[in-house]
Amino acid sequence: MPRVWLHFLGGAREVGNVGCTIETHGTERILIDYGLAASRPPRYPSPSPHVNNAIITHAHIDHIGMAPWLVGHHNAKLHATPLVADLSGIMWRDTYKVSSIEGYPLTWDKRDIDDALDSWQTHDHGEAFELDGWNCTLHLAGHVPGASMVELRKEDLTILWTGDIDTRNSPNVLGAKPIKCDILVMEATYAARDHNDRLEEEKRLVERVQEIRSRGGTAIIPSFASGRGQDIIKILYENDPSLNVHYDGMGTRISQIWIDNPSYLSDPSAFERAYRWSKRVRGKSDRFKALEADVIVTTSGMLDGGPAIWYLNRLRHDSANAIFLTGYQADRSGGRSLLDTGMLPIFGKMTKIDLEIDRFDLSNHAGKTELIQFALDCKPKHLVLFHTPDEDVDDFARSFGETPPFQIIIPENGRDTVIDTDA
Ligand SMILES: [Zn+2]
């Protein structure tokens, strides 16, 4: 009876710091993703056992952040799409810089980054490759450009690892399609809730921005560097090109890398037009000019430093201005503090912010309904749920009914999850 061992180093019954080894008879152990949660202090997965190869689904830090450690300790090869490999250096260097500033030293250093950059082997979506006894194929995951689901095959057995997925089309990438498999290992970040209609939410964002402009204000839109910022730039350009939009922070460099890897974007020329239309902030004098903008799209998305704080400090005295939050605000982040108390740290000092705040659901994760449909459409025999809030996952498992069409497994970090595939 074919037996599969999964071992979660992190990311089971929690969101972030994902890492999991997979093996079956006749294969070597392979690692999928190895990230850290960029909280304060950072949260790490357990140390990985020796592996020769790791497949990285995408370049968000909770999936890629520990890859330099892996290469430094095990000299492993890293596998992903070319776009993910191209983004990795920026992500690692930024994480290293932020951790040094905040006084949370990482378990890897700059030399490990250089070695990790040399260890990439890249594979396009749909291109099969052999690894440690597995036949592997990466597939479009939605979520962000370049992100992959991982299909692992060994004789009759097929495992699909979703990484972070969205089955809906978003401004810059098409949605993931189901793949028939025996074992589906699925993220369930949104196990507990459905999203607002995306197009309605985009329309509301544009209308609110226009309203702030007509009262003489600037909308500050703190956005994640890799995905959300680019989506917002495209939404604003396509809905109202008369807006004066300035784009600051690491997202501008990431956009350039997207443009250099056009095959991963749903409409690369449309994205490039939107990007060139935005006024990219390149230095201090550009930053002062941006204070006159209708919109400033900038990092960090959770108001934990970055240019967003500089802008907020300059613009906080004029109540015509507004802050539009467009992503998840983690516990103890600046954005969370702003929502809960109306205050956040600006250059180390807790500061009251008297500006209007609005929130928009522009998530690039599948919502609850989409996750359920995706799992049913993959027709697995076993469904493994990970990357999901601990408090939501048991309820989510029950949404498949009294007699679900597959075995549902909710793994624990640090334990072997053994699946008998004929069971
Ligand atoms: Zn992600």
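We did not get these values from a lab; they are worked out from the coordinates using the rules stated. Predicted model, so just to flag it, every value in this text is computed and none were measured. Cβ coordinates were reconstructed from backbone atoms using ideal geometry, including for glycine residues, and neighbour counts include every protein chain displayed.
Can you list the HN-Hα couplings for the range 163-179, worked out from phi with the Karplus curve (6.51, -1.76, 1.60; θ = phi - 60°), rounded to whole Hz and with x for Gly and Pro?
3J(HN,Hα) across the range 163-179, in whole Hz: x, 7, 10, 9, 8, 8, 6, 10, x, 10, 8, 7, x, 6, 10, x, 10.
If you restrict to DSSP beta bridges whose two residues both lie in the range 198-359, what percentage is antiparallel, to the nearest 5?
Taking every DSSP beta bridge within the range 198-359, about 20 percent pair in antiparallel fashion.
Checking understanding here: applying a Kyte-Doolittle mean of at least -0.5 and a length along the axis of at least 27 Å (C-alpha), which whole DSSP H helices in the chain pass?
82-102
Using R₀ = 35 Å, calculate the FRET efficiency as 1/(1 + (r/R₀)^6) where r is the Cβ-Cβ separation of Ser214 and Ile259; round to 0.05.
For R0 = 35 Å, the calculated efficiency reads 0.60.
Given only helices, namely DSSP H runs of n ≥ 4 each adding -39500 (n - 2.57), what is the per-residue ellipticity at 222 nm of the chain, to the nearest 500 deg cm²/dmol?
-9500 deg cm²/dmol
May I ask you to compute the full-extension gain from Thr122 to Phe400, defined as 0.36 nm times their residue separation minus their alpha-carbon distance, rounded to one decimal in nm?
96.4 nm
Label-point separation (nm) for Trp277 and Thr351, each offset 7 Å from Cα along Cα-to-Cβ?
3.1 nm
Non-local amide H neighbours of Gln121 (under 5 Å, H modeled in plane, Pro and chain starts lacking H): which ones?
The answer is Leu78, His79, Ala80.
Could you pull out every residue, at least 5 positions away or on a different chain, whose amide H is within less than 5 Å of the one on Val185? Hs are placed 1.01 Å off N in the peptide plane, and Pro or chain starts have none.
HN-HN under 5 Å from Val185: Leu160, Trp161, Thr162, Val384.
Set the bar at 21 Å for Cα to Cα. Now go through Lys234/Lys279; Lys177/Lys379; Lys97/Lys352; Lys177/Lys234; Lys97/Lys289 and name every pair that lies beyond it.
Lys97/Lys352; Lys177/Lys234; Lys97/Lys289
For the range 137-280, what proportion of DSSP beta bridges, expressed in % and rounded to the nearest 5, is antiparallel?
65 percent
If you filter the range 258-315 for trypsin sites (Lys or Arg not before Pro), then keep DSSP loop positions with at most 14 other Cβ within 10 Å, what is left?
Qualifying residues, ordered by number: Arg282.
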